[in-house]
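See structure below.
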Amino acid sequence: MHTFHWPRLLLLAILPALPALAREELAMDTIKTSAGDLHMTFIGHASLMFTFNGKVIHIDPCSQLADYTRLPKADIILVTHEHPDHLDPSAIKTLRKPDTAVVVSRSCGNRIPGGLIMTNGEMNTVQGITIEAVPAYNIVHLRAPGMPYHPKGNGNGYVLTFGDKRVYVAGDTENTPELKILPDIDCAFLPMNLPYTMTPEMVADAARSLHPKILYPYHMGETDPSIIVGLLKDSGIDVRIRKLQ
């Protein structure tokens, strides 16, 4: 289990329209795709919200980061692994509709009734969105000898396809061989929070192999994001630092 202190979150009233929500409270970027605009909202830590063609996708929603009663209900919820800052049954219950698809990793088991378990390497089309499960695990950082914080096979990152754009949300991982050979990634979210995920140097190594057009460091903890900007300044990768509550 991760141990860290959550920052105090001051929530403003959220207006009905999503762009207004983003302007008033949460950072949001828009990526143009061949099938319409993808809006990506930065909620905090590992929690993200994507909207695309009327679909709302929540990734690792966590109640300690936001009042999810004030955010749009989910058509799809993605959970990367079982740690409580990623798997929050309360947030899922709040966001879930009768037809919401909840995609979880193997380590989540049956903790979410009706969840769709995706194993490493599996691909599914969920409500018209192609989703690929990518192994997410530690190689170097260990809880104790022989005990990685994230064992191989337990957790997923996810590649989602929106029109002609492929977006990779890595979950809790290091710069693994599987990550570094993913093809045609347009936008990548890579974690940079020690000791659970990657150092900035690991993120730079992963990014230089993956070479996304856009890189968002996320799940950063106390890591200074300016370090990764410096490491990748000549890479041709657009490194974007966004406020994560």
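The values are calculated or read from the model by the stated rules, or taken from the named source; none is laboratory data. Given the structure is predicted, the values throughout are model-derived calculations rather than measurements. Neighbour counts are summed over all protein chains in view; Cβ atoms, including those assigned to glycine, are modelled from backbone coordinates with ideal geometry.
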Filter result (of a type in the set (S, T, Y), buried (at least 20 other Cβ atoms within 10 Å of the Cβ) and not in a loop (DSSP other than H, G, I, E, B)) within region 197-226: Y216, Y218
Every residue in region 227-238 that is in contact with a strand residue (DSSP E or B) (Cβ under 6 Å, 6 or more places away or on another chain) and either modelled with pLDDT under 95 or buried (at least 21 other Cβ atoms within 10 Å of the Cβ) (or both), please. I228
Among the candidates A66, A136, single out the residue that is surrounded by 16 or more Cβ atoms within 10 Å (Cβ to Cβ), in contact (Cβ under 8 Å) with a residue 60 or more places away in the chain, touching a helix residue (DSSP H, G or I) at 6+ places or on another chain (Cβ under 9 Å) and not basic (K, R). A66
Which of the residues spanning region 140-157 are at pLDDT 95 or above and assigned to a strand (DSSP E or B)? G155, N156, G157
Looking only at region 74-95, filter to residues that are more than 13 Å from S47 (Cβ to Cβ) and in contact with a strand residue (DSSP E or B) (Cβ under 7 Å, 6 or more places away or on another chain); which one of those is modelled with the lowest pLDDT? H81
Could you list, in sequence order, the residues of region 3-59 that are in a loop (DSSP other than H, G, I, E, B), over 16 Å from the mean Cα position of the chain (by Cα), surrounded by 12 or more Cβ atoms within 10 Å (Cβ to Cβ) and modelled with pLDDT under 95? W6, P7, L9, L11, I14, L15, E25
Go through (1) farther than 21 Å from D75 by Cα; (2) crowded, with 19+ Cβ neighbours inside 10 Å and name the single condition P151 misses. (2)
Would it be correct to say that T173 is at pLDDT 95 or above, touching a helix residue (DSSP H, G or I) at 6+ places or on another chain (Cβ under 7 Å), over 26 Å from D238 (Cβ atoms) and assigned to a loop (DSSP other than H, G, I, E, B)? no
Give just the number: which of (1) touching a His at 6+ places or on another chain (Cβ under 7 Å); (2) modelled with pLDDT under 95; (3) among the hydroxyl-bearing types (S, T, Y) does Y137 not satisfy? (2)
Might you check whether a residue that is surrounded by 16 or more Cβ atoms within 10 Å (Cβ to Cβ), touching an Asp or Glu at 6+ places or on another chain (Cβ under 6 Å), under 22 Å from S47 (Cα atoms) and of a type in the set (D, E, K, R) occurs anywhere in region 168-180? no
Looking for whichever is in a loop (DSSP other than H, G, I, E, B) and hydrophobic (A, V, I, L, M, F, W, C) here; the options are L190, L194, L179, L160. Which one fits? L194
